[in-house]
Structure formats: structure tokens, C-alpha cells
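Report on the following structure.
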Amino acid sequence: MTNEREQLSDQYLEAQLREELGIEPDLSEGVLSRYYAKHPPEKRRRVIPPLPRKAVWRPIAAAAVVLLAAGLTTYGLVTVLPNQLQPGHREEVQAERNVPAKQETKETKGTPEKPDAEKDLSVDPESEAAPERKVIPDEAEWENGAPEVPEKPDTETTPDDKPEPKEPDDVVGPDPNGMGRTDPPEAFPDPAKEDPYAPDKTAARPGRVLVSMWSGDSLKVTRADGGESKVKEGEDFSIRAGDRITPRGVAEFMLLDGGLLRLDGEITFEGEPEALKLTLHDGALYADVAHEISVASEQVTARLAGVGVLEQRLHGFDVFCISGTVRSTNDGLEAGYRARLEDDGFKHEKAIGWDDVQREFKFLRETPRRSMLREELTEAPGELFGGAIEGGVLKGESDPASGLGFYLRQPYAFQDGDVVRFRFKVDKACELILQFGSEDSGNWRHKLGGIKPGEWIEYELPLVDLYKTTDVAVGAQPGLSFKFFQLHPEETTTGMEIDWVEIVHTPE
């Protein structure tokens, strides 16, 4: 009974030690060792005496000691170690609490300060300042949440110190703190507003001016020196010899001699105003010119005088001659025909009309108009027929005997395809007579019919529809040289205004 009790006691002790210390005790080895040491072999008994009983509180006390030691170690790491790593911590905390860092006691009162030789020279006062240290607040300050810790200034100042002058805001330069500064808007150019293809209007460009005006969306211009410009409609820009032009979409060019080009492709301008030389790199070109022009591709060259279309092909041009002639080195194409031009001349000729050309080329569906003469009437071109010019309008009273009109600046010899256009208004409903006077063949007229009063009207008439004033059976023929323009009512008197007059050339 005693042995069983002792075995139960040992088992209980082992279980307590395993639970508290986490180890596997072996009591048999220790008990046997002590027993064999006390009893020589000759005096050993066969039965091993039982182990002395131990109090139950001892293992519990040992475990409590271990836990207490661990708690003290943790507390030391939290409180003592930061003070060791941050020298001067006590003084900073006392300074924040307005407590003097050093108080005299009986032991320290009157104690002389150590001489300089005995001071701690481990920190050089002239060396770089140590990193900023954070102040740990007292535990009492944590009762209502984490307190705010004031930031320590970078440098300690005294009342005698004067603040450094602040850099003015308008000074351009880097921000010493890397943030919070912006440069003025004019400090650097805005890339979004800069156009790499913008024309340089300050630098003089070489080459002869060959185009008086152009219209279209925009042009990309590659100059002979390799520079590039992107020009929008309405910008002040002159196309010169050596310029390679690539329009966006379709563009029209009015030449200095009055010729008209319409381009759907890419072309280079060369030559002189009255001897223009063009290179068609791609697409098609419509030309309406009085002076012969030269149009070249990589294989062939065509010379056009009149109205025609040239479209680039693999070995030459497709040529459409509407009026005038188109010539190659040793061959020619008459008006009203189309053909393929290659290095050995024109091939596969076929009769065509203007309607056929408009069906062939989409960019010619709207008929091109070449302006031959235009009077805006901001001033008197020549002698007036009654009335006066006021605000860009010729106005006055007119009757069948005296019309309202003006002499041209110089006589104009009309051509096939010429059309007169004008804008006017009358005060009274009437029938009007349009009349041109020629230099040597009398007057030529056309009856407009009934005109509504009080509204502006634009009227258009081919010049070949004019007839001789003294003989209605005689029609006007190209080559007539006109010298004045006139409007007058046929049977009544009315007030009249004329806004502008122009003569344009269109293909037949």
C-alpha cells in the first residue's frame, strides 16, 4: 500500500514538472545514484527504499520564480534599454516637463566641476548633430489616449539668434525640402503649346515665292534644307521654290500668274512664276493655267497649257486634257482626250468630257473656280456710272438711260469657261439688263428677268451667253476684250446697290 502511494506521488510530481517546466524528468536515475553511493555493494538490499516525499508547493514556486524573472527581463528591455540607446533622454523629458535637469543636493553642493581634461570627449561638439530623438511621454499622460509629442526644432535658437532671410517666392530655383515650391509659368515653355512643325516666321527663307494664296485644312511643308513646317489655313506663309507640299485632304493653290492648282497628293514646287516646274510624288493634280507648266514623275515629264488632270501611275501619268494641250518630249494630246503617258509617248487615247473627269476624280466633284478678276468695291476701280461707293457698296438711283456700274482697272479678254458672278439688290421689282462694253466691238448684254426687291441676290452667267446689244443674233466669242461692267433697269427707275463683281474660269 505504501509503494502504490509513493508511485502515485512520483507520477503526480512528474506531471507537475512537465506542465510547469515543459521537460521530461527521470527520477529513477537520480534515486538510484544516491542509493548506490550510500550503500556499498556488500550492504545493498534487494528492495530499493522509497524516495522521500516532496511538498507539492515547491514545483509551483519554481514556476512562479521563472515567470517573475521573465517579466522583470521584459520590463528592463522596455524601460532601461531605450535610455541606454538614447543618451540625454532624462534631460529631454525633464525639459519638456519644465523640471530642472540638475538639482543640487547636500552631496553635490559645492562640488567643483570637472576640468576640461576629465570631461567626456566621446562626442565632438563641432561634429554633425545626432539624429533627432523622439520623446517618450510619461505613463500618466497616456490615460486619455496617446499625447501629442512636439517636434524638436532642427537647430536650437536663443533670443540673440537672428532668423535667416527667407527666399522670396518669385525666385526660380530648387526647393530645398524637395516639395512645396513651383516655378512661375513663364520659367519653362509649355510642350502642349509648342508645335515642332510651326513655321519660323522670323528667319528669311530662301527660294522664290511661287504661290500667292492657298486654301485647305493644313499643309505639311518640307523645305529644301530639310526643315519642316505645319501650316494651318489663314496663317501667314509663302510657298517657295524647293518646298515639298503634303496637304491634309485636298488643297488649292493660286499661282502668281493667276493659274489654279488643286492637289490631292504630294508635290514639290520649283521653277519661276511664269515657268513653273512641279514634281508629282503621289496622287493627282488638277491644273488650270495660262502659262505652260511642267509636271514630272520619276519616269516622264508632261507640259500642260490650259486645263487638265495628271494622275501618277507606275510607269508614268494618266493624262486628261480638258482644254488646251498636253505635250511630252515628242508627242502631244489634244483637248477632249485622255491617254496613258509613258517614256515612249501617249497610249490608248479616248475621248472624254468634263462630266467624265468629275466621275473619275472625287476631289473634282465640286467644280474648281479660278478667279480671273474680282472687284470688292472698297474703292472705285475706274470711272463710275452714277452712284457712289459707301462702305464697300456701289449704290445710287438708276433708270433705263443711265445704269449703275464702273470701268475695269484694265481690259479683260475672256476665255472659254469664263463666268461672271455678282451680288446686288434693288429697291423696286423690275427687269434688269447686264451689259459689258468692249474696246472695239460695241456693247454686249443679257436680260436677267424679273428681280425681287429688298433682298441680296447672287447671279452667275457664262460670258458666252452675252449677245450683241445692236444684234441679238450675234453671241459673244472668247477673245473679246471687255472694259466696263453695268446694270440698269429696263423700263423703270429704282434704287440699286452692287456689293462685288468677279469673273471666274471653270472647266468646260
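Going by what's in this entry, would Ala275 be described as closer than 27 Å to Pro507 by Cβ, modelled with pLDDT of 95 or more and of a type outside the set (Phe, Trp, Tyr)?
no
Would you check if Phe320 is closer than 23 Å to Leu255 by Cα, assigned by TED's automatic domain parsing to the domain that holds Thr246, part of a strand (DSSP E or B) and touching a residue at least 12 places away in the same chain (Cβ under 8 Å)?
For Phe320, the condition - closer than 23 Å to Leu255 by Cα, assigned by TED's automatic domain parsing to the domain that holds Thr246, part of a strand (DSSP E or B) and touching a residue at least 12 places away in the same chain (Cβ under 8 Å) - is met.
State yes or no: is Val319 closer than 27 Å to Pro478 by Cα, among the β-branched types (Val, Ile, Thr) and within 42 Å of the chain's Cα centre (by Cα)?
Yes.
If Pro453 satisfies every condition in (1) surrounded by 14 or more Cβ atoms within 10 Å (Cβ to Cβ); (2) outside any strand (DSSP E or B) but one, which is the exception?
With respect to (1) surrounded by 14 or more Cβ atoms within 10 Å (Cβ to Cβ); (2) outside any strand (DSSP E or B), Pro453 is out only on (1).
Determine which single condition Arg423 fails, assuming it passes every other condition in (1) at pLDDT below 95; (2) within 30 Å of Asp288 (Cα to Cα).
(1)
Of everything in the stretch 240-269, what is within 26 Å of the chain's Cα centre (by Cα) and among the β-branched types (Val, Ile, Thr)? Give them in sequence order.
Ile245, Thr246, Val250
Quick check on this structure: which one of Val289, Val357 is closer than 20 Å to Gly417 by Cα and touching a helix residue (DSSP H, G or I) at 6+ places or on another chain (Cβ under 8 Å)?
That would be Val357, the only listed residue that is closer than 20 Å to Gly417 by Cα and touching a helix residue (DSSP H, G or I) at 6+ places or on another chain (Cβ under 8 Å).
What number of residues within the stretch 211-227 are crowded, with 16+ Cβ neighbours inside 10 Å and over 21 Å from Gly249 (Cβ atoms)?
1
Could you grab me the full set of residues in the stretch 417-445 that are touching a strand residue (DSSP E or B) at 6+ places or on another chain (Cβ under 6 Å) and not in a strand (DSSP E or B)?
Of everything in the stretch 417-445, those that are touching a strand residue (DSSP E or B) at 6+ places or on another chain (Cβ under 6 Å) and not in a strand (DSSP E or B) turn out to be Gly417, Asp427, Lys428, Glu439.
Using the structure shown, decide if Leu408 is touching a His at 6+ places or on another chain (Cβ under 9 Å), touching a residue at least 40 places away in the same chain (Cβ under 8 Å) and surrounded by 15 or more Cβ atoms within 10 Å (Cβ to Cβ).
no
Scan the stretch 466-508 for residues that are assigned to a loop (DSSP other than H, G, I, E, B), of a type in the set (Ser, Thr, Tyr) and within 30 Å of Gly259 (Cα to Cα) and jot them down.
Thr506
Restricting to the stretch 359-392, what's the tally of residues that are crowded, with 17+ Cβ neighbours inside 10 Å and within 12 Å of Val501 (Cβ to Cβ)?
Number of matching residues: 5.
The values are calculated or read from the model by the stated rules, or taken from the named source; none is laboratory data. Just so it is clear, the model here is predicted, and its values are computed rather than measured. No Cβ is skipped: glycine too gets one built from the backbone with ideal geometry, and neighbour counts run over all protein chains shown.
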